[in-house]
1. When you go through B:Gly75, B:Gly29, B:Gly41, B:Gly68 one by one, which is the residue that is open to solvent by less than 40 Å² (accessible area, probe 1.4 Å) and on the phi > 0 side of the Ramachandran plot?
2. How do the strands (runs of 3 or more DSSP E) wholly within the range A:1-95 filter down when requiring 2 or more residues that are closer than 30 Å to B:Gly211 by Cα and either more than 17 Å from the chain's Cα centre (by Cα) or of a type in the set (S, T, N, Q) (or both): which remain?
3. Being open to solvent by less than 50 Å² (accessible area, probe 1.4 Å), out of contact with any Leu (no Cβ under 8 Å at 6 or more places or on another chain), in contact (Cβ under 8 Å) with a residue 40 or more places away in the chain and of a type outside the set (A, V, I, L, M) is true for just one of A:Gly176, A:Gly201, A:Gly207. Which residue is that?
4. Among the residues of the range B:119-133, is there at least one that is surrounded by fewer than 24 Cβ atoms within 10 Å (Cβ to Cβ) and at positive phi?
5. Among the residues of the range B:241-275, which ones are on the phi > 0 side of the Ramachandran plot and open to solvent by 10 Å² or more (accessible area, probe 1.4 Å)?
6. Residue under question is A:Gly47, and the condition is that it be touching a residue at least 24 places away in the same chain (Cβ under 8 Å), of a type in the set (Gly, Ala, Ser), on the phi > 0 side of the Ramachandran plot and more than 14 Å from chain B (Cβ to nearest Cβ); does it hold?
7. Among the residues in the range B:85-102, are any of a type outside the set (Ser, Thr, Tyr), within 30 Å of B:Leu318 (Cβ to Cβ), within 14 Å of chain A (Cβ to nearest Cβ) and buried (at least 20 other Cβ atoms within 10 Å of the Cβ)?
8. Collect the residues in the range A:113-156 that are β-branched (Val, Ile, Thr), free of Cβ contacts under 8 Å to residues at least 40 places away in the same chain and either open to solvent by less than 30 Å² (accessible area, probe 1.4 Å) or part of a loop (DSSP other than H, G, I, E, B) (or both), keeping them in residue-number order.
Amino acid sequence: MNALELNDVAVPGRLEKLSVAVEAGKLVGLIGPNGSGKSTMLSIAAGLLDGGGTVKWGGRRLMDLAIMERGRLAAWVPQEVQFAFGFTVRAVVGQGRFAHGDDGTGVEEALARLDLTTLADRPVNRLSGGECQRVMLARALATQPRLHFWDEPLAALDVRHGLEVLMLARELTRNGATMLMSLHDLRIAHCLDQVLMLDRGRLAGVGTPDEVLTEARLRDVFGVKMRIAPGMILELPSP
Amino acid sequence: MKEGGLQRLALPLTGLLLAMVLVASLAVGDMALSSARLWAGLTKTDEMAAIILWKIRLPRTLVAMEIGAALAASGVIMQAYFRNSLASPGLLGVSAGGSAGAVVAIGMGWAAVSFYVLPVTAIIGALVATVAVIGLAQRGASTERLLLAGVALNALLGAVTSYVLSNFTLSYERNAQIIFWLLGGLEDRTWDHVWMAMPVLICAALLWPLGRSLDLLSLGAADAQSLGVDVKTVRRRMLGLATIMTALATAVAGTVGFVGLVVPHMFRLMFGPEHKRLVPLSLIGGAAFVLICDLIGRSAGGLRLGIVTSVVGGPFFLWMLRRQV
């Protein structure tokens, strides 16, 4: 069964009518230039924006799911977040358990996983952009959902934390979760199971990274010339 | 969630503060009452003390507590709604809307028809102002935009009040009533005013369980919805409660500024921003704050409440603005 299905969803002026299905346990990347509709599509998939058509999570129509149940089934990581008040990092990560009755399960583990334990009692409105991003990712992790929707989760992260988040994404999908994440860095596309390429609000390609990220398509969509060359390879050291 | 000792003590300490100022508010006045006479007055065994307490000080004290709780709670709600700690019923023009509604009722002579016309027109005025401010300053709007929206609305609604004062009322008595009322105060409050503001307690009871949702909403609507908050319902309830509470406070005590700004911010600074704690603290602390301001006014030879809260709140607001902008 598909973990996620979008049928005939569209937003006038932002996203042309499209339909896609994502299998359970897949790490799917949404790729496309600025303004191509990535965040719009992600918001529709996450049930945060009405795109008409139908959206199904695990075969169930989104409109048939109670809001609380949606909060348990999926986690959303926004592209950027502005904290108006000084909640502690721990409190914000704990909000990921709201739909689970604020039971606090897995909050400390999520903090540790995103390297936030030492910052746990610090107010979130005094963190850097990258630290805020990690707080939102930890919150998503604490929710322990089946579906993850992450909007450019790596944008503000340094190399090490970026690699750790990618490893985390792989681990989550290996354990059965399904993830839709928008990305700008094509160099990490090889980590994905599936790529959805968007161009000016329409779906320009669906498939494995090798199938979608072809020289011709990258030239058409991004206006760049692709050349595969040996270069710097960064990996996390073995523990 | 881990909770520090200070946070655990926050509610009992604030409750204790309220109890202390409540006793002071009943005991202090032109005729000071000792604890023995206070008790005798409350139990009506001392006739003079009973008259002072039951006719003058108790209604005044209870109205002060009601409006303090109402205005502080409205501030908490608006700050969470607009995601800005400078949002408050006074600065955003909601109080001015309530005032304009009430002034129209007094000026047109409707208020004389029934005691309950005033709160109803105040609620209508506050509701119009709430809708207008939402239209002018979207959620998450910058401080500048929010304050400018408030300035515009306050000016517009102030013009309505001035128009009524200058053109509608031909009666000196009504004009005096309006001006007296606009200054904001607790003089001559009766049990009727206590009952008029009593729905504040129902609003407080409805607001209390929303605390956790306010936490999540203060991060943004999409965020809150993704976590499982019924954003539309919660928002509607928030605005309804804030509007009714502000309007009731304005209807019984006139324009009393800065309570919704000062009280939530002080508690947020001292005990953190979690609304499950901030909502009850602001309700109780707001009541204590207004009682303290009223005590200061009474001790300073009868300064009106609106003047005292403005003298305390104005510099506080400027300090906050300096920190934030």
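1. Being open to solvent by less than 40 Å² (accessible area, probe 1.4 Å) and on the phi > 0 side of the Ramachandran plot holds for just one of B:Gly75, B:Gly29, B:Gly41, B:Gly68, which is B:Gly29.
2. So the answer is none; nothing clears 2.
3. Just one listed residue meets the conditions, A:Gly176.
4. For the range B:119-133, residues surrounded by fewer than 24 Cβ atoms within 10 Å (Cβ to Cβ) and at positive phi: absent.
5. Passing the criteria: B:Phe258, B:Gly272.
6. For A:Gly47, the condition - touching a residue at least 24 places away in the same chain (Cβ under 8 Å), of a type in the set (Gly, Ala, Ser), on the phi > 0 side of the Ramachandran plot and more than 14 Å from chain B (Cβ to nearest Cβ) - is not met.
7. Yes - at least one qualifying residue is present in the range B:85-102.
8. If the condition is that a residue be β-branched (Val, Ile, Thr), free of Cβ contacts under 8 Å to residues at least 40 places away in the same chain and either open to solvent by less than 30 Å² (accessible area, probe 1.4 Å) or part of a loop (DSSP other than H, G, I, E, B) (or both), then no residue fits.
The values are calculated or read from the model by the stated rules, or taken from the named source; none is laboratory data. All of these numbers come straight from a predicted model, not from anything done at the bench. Every residue, glycine as well, gets a Cβ built from its backbone with ideal geometry; the counts of neighbours run over all protein chains shown. Side chains are part of the model used for accessible areas, which takes the heavy atoms of the whole protein and leaves out ligands, DNA and RNA. Shrake-Rupley method; radii C 1.70, N 1.55, O 1.52, S 1.80 Å.
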